[in-house]
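What follows is a short report on a single structure.
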Amino acid sequence: MRSRFVFVLVLFISTSLAAKEPLLLSLKGDFAQGGLVIGQAAPKAQVEFNGTQLKISDDGYFVFGFHRDHEAAATLTLTKGSLKEVQPIHIRKRQYNIERVDGLPPSKVNPIKPEVLKRIRKEGAMVAAARAKTSDLRHFMQDFIWPAKGRLSGFYGSQRVLNGDPKRPHYGVDVAAPTGTPVVAPADGIVRLAYDNMFYSGGTLIVDHGFGVSSTFIHLNSIDVEEGQVVKQGDLIATIGATGRATGPHLDWRINWFKSRLDPQLMAPPFEGNNSDTKTVMEEGRK
Ligand SMILES: [Zn+2]
């Protein structure tokens, strides 16, 4: 399994009572805000994370994640027949930077026109529907690769201040590169949304990796796949652009676990390229 996981928990619970097999076999991932954890349970066990039942494969795999501001304490509960195990989970708190972006068109920062607000709502619903799709794909278990080469110019979780106005945090990782730079699939999946012009996010693509884990790519110049298409890791899926609310060409890559936003940098290997830049020149969409 991947070596960069910062924490590996393997449980061998052998009570002398019955010498039963443990229900929780392993948990691997980043136990930090924005992190994703893959677990394996005994076959036919049921798993709940903080009271929400998780999808589990026939051979016992499941996945869950922690949003940007996730509270420190959580609980995983496994049951099988009359057996029950409760595993406390501690989630590390992270510090986020403040990123200021100035020079955006005011109409893109605080839209007020009714037709624009209507459009934003409609596009938001399309995105929510695409992210809510769940599938039996298990591609979230792959070692992800970076979808583009360039320069890291924006980071997960940072608090955005646009034209002086505090806004929603930034949920993606931004890779700045010229318009037309290839974007490849970071892992296998199925395309759930391919839409060329959203108000905030411009060219917008969502790829389902299974069990509620998906990637979102925004501000695309072109989209080279269609909804429903199967993609393999490394396949060309789009090109980088500056569409939607952006001040320059970049890819904004996001990882979702259903409604939770996760940090792609915790999924991908160390970025090869220049990431020492401190000036944020890009802006995000909301997807
Ligand atoms: Zn961004």
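The values are calculated or read from the model by the stated rules, or taken from the named source; none is laboratory data. If you're wondering where the values come from, they're calculated on a predicted model, not measured in any experiment. Glycine also receives a Cβ, built like all others from the backbone with ideal geometry; neighbour counts cover every protein chain displayed.
Here the range 260-287 is the region considered, the condition is being polar (S, T, N, Q) and modelled with pLDDT under 50, and the residue that is nearest to the ligand (Cβ to nearest atom) is Thr280. Within the range 49-96, being under 24 Å from Arg138 (Cα atoms), surrounded by fewer than 12 Cβ atoms within 10 Å (Cβ to Cβ) and of a type outside the set (S, T, N, Q) holds for Gly51, Asp58, Asp59. Condition first: at pLDDT 95 or above, within 25 Å of Phe140 (Cβ to Cβ) and in a loop (DSSP other than H, G, I, E, B). Can you find one or more residues in the range 1-21 that meet it? No, the conditions are met nowhere in the range 1-21. Scanning the range 146-164 for residues being in a strand (DSSP E or B) and hydroxyl-bearing (Ser, Thr, Tyr) gives a total of 1. Residues in the range 192-244 that are more than 16 Å from the ligand (Cβ to nearest atom), small (Gly, Ala, Ser) and in contact with a strand residue (DSSP E or B) (Cβ under 6 Å, 6 or more places away or on another chain): Ala194, Gly212, Ser214, Ser222, Gly234. Restricted to the range 134-164, and to residues there that are within 17 Å of His209 (Cα to Cα) and crowded, with 21+ Cβ neighbours inside 10 Å, the residue that is farthest from the ligand (Cβ to nearest atom) is His139. Determine, yes or no, whether Asp174 is among the acidic types (Asp, Glu), part of a strand (DSSP E or B) and more than 16 Å from the ligand (Cβ to nearest atom). When the stated conditions are applied, Asp174 does not pass them.
I'd like the residue in the range 45-61 that is in contact (Cβ under 8 Å) with a residue 24 or more places away in the chain and not in a loop (DSSP other than H, G, I, E, B) and, out of all such residues, is nearest to Thr134 (Cα to Cα). Going through the qualifying residues, I end up with Tyr61.
Against the test of being closer than 22 Å to Ala132 by Cβ, surrounded by fewer than 18 Cβ atoms within 10 Å (Cβ to Cβ) and basic (Lys, Arg), the options Lys232, Lys167, Lys259 yield a single qualifying residue, Lys259. Please go through the range 34-48 and pick out each residue that is under 16 Å from Lys80 (Cβ atoms) and under 18 Å from the mean Cα position of the chain (by Cα). Scanning the range 34-48 gives a single hit, Gly39.
Residues that are over 13 Å from Val183 (Cβ atoms), among the polar types (S, T, N, Q) and under 19 Å from the mean Cα position of the chain (by Cα) within the range 214-232 comprise just one, Ser214. For Arg131, work out the one condition from (1) modelled with pLDDT of 95 or more; (2) basic (Lys, Arg); (3) in a helix (DSSP H, G or I) it doesn't fulfil. Every listed condition holds for Arg131 apart from (1). The residues of the range 187-207 that are surrounded by 24 or more Cβ atoms within 10 Å (Cβ to Cβ) and under 15 Å from the mean Cα position of the chain (by Cα), listed by number, are Ala187, Gly189, Thr204, Leu205, Ile206, Val207.
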